[in-house]
Amino acid sequence: MVVFHYAVHCGRICGIFGTWDEAKIQVIGFKGAKYRKFETRDEAEMYVSKGTLPPPPALAAPAPAPVSVDAECNVVTTIGMQPPRKRRRMMMLGAQAADDGVELNGNDSILDVYTDGACPNNGNGATVCGSGVYFGSDDDPRNISKMVPSDGEFDRVTNNIAELYAVQLALEAIMMDSASKPFKGGTLYVRINTDSKYVLQCIEKAAGQAAAKERVSSVPNGHCIEKIHNLLTQELPVHVKVKFLWVKGHGVCNGNNKADELARRACTLPVVAYVD
């Protein structure tokens, strides 16, 4: 039986915990929490001390094999490039990226997640906006419909903010879900589908800023962009690989439409105070 070590680098109490129940008390609701799950104590101790991970061993590239993509979703290639007609390609961003042509082995799996934002009266004095995250099934407990906090964390209320916040919520949900389940080996390939090119541009730019050692948080909505970047590069478990896809919004993509419903529903929820 594998014994896991839950390392908390930044939380109410920092250290190594033997169970997720002990660790989550230190991080859930703690702003800026950083924590990971490890199989070896040495790795956990390094993470608690430095907040970084040892570099993964180099792996040979797997032989390409077709992976099904939702045929209803019009997937387009990287920003700034016109995709070849009638071809669907994935957009790869960040240090942890899922390959389109991977050959799934053993416990490997693929998870499609859809994110969307909604902002009634966007640009015309909007007072609320909402974010939706859809995990592919109406009864998935990880689905999220949440109003964007209006406590000063964001510059203003806009649809772009709602789109960014939806991605942040999705990554946090994936991180929490991975931390709460026993690791059975294999790689989880996550494909986050968004209809916002603004989101993709922000993530791509953040990766470049980080590589140049510039402050990611110095741009509009930088706090959320920096959080997404940190989730992608530091906080997600090493066996989770993420790729972003652009899909046509408000069309025939069922997952996108479901995420849109969740985002719109969040705009009608009662306003509550968000407290860390």
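With a threshold of 19 Å on the Cα-Cα distance, the over-threshold entries among 197/248; 181/241; 50/184 are 50/184. Under a 5 Å amide H cut-off, with hydrogens placed 1.01 Å from N, residue 112 pairs with 191 among residues at least 5 apart or on other chains.
The three principal axes of the Cα atoms in the stretch 104-192 give end-to-end lengths of 52, 21, 20 Å, sorted in falling order.
FYI, it's all coordinate maths here, none of it is from the lab. Quick caveat, the model's predicted, so the values are computed rather than measured.
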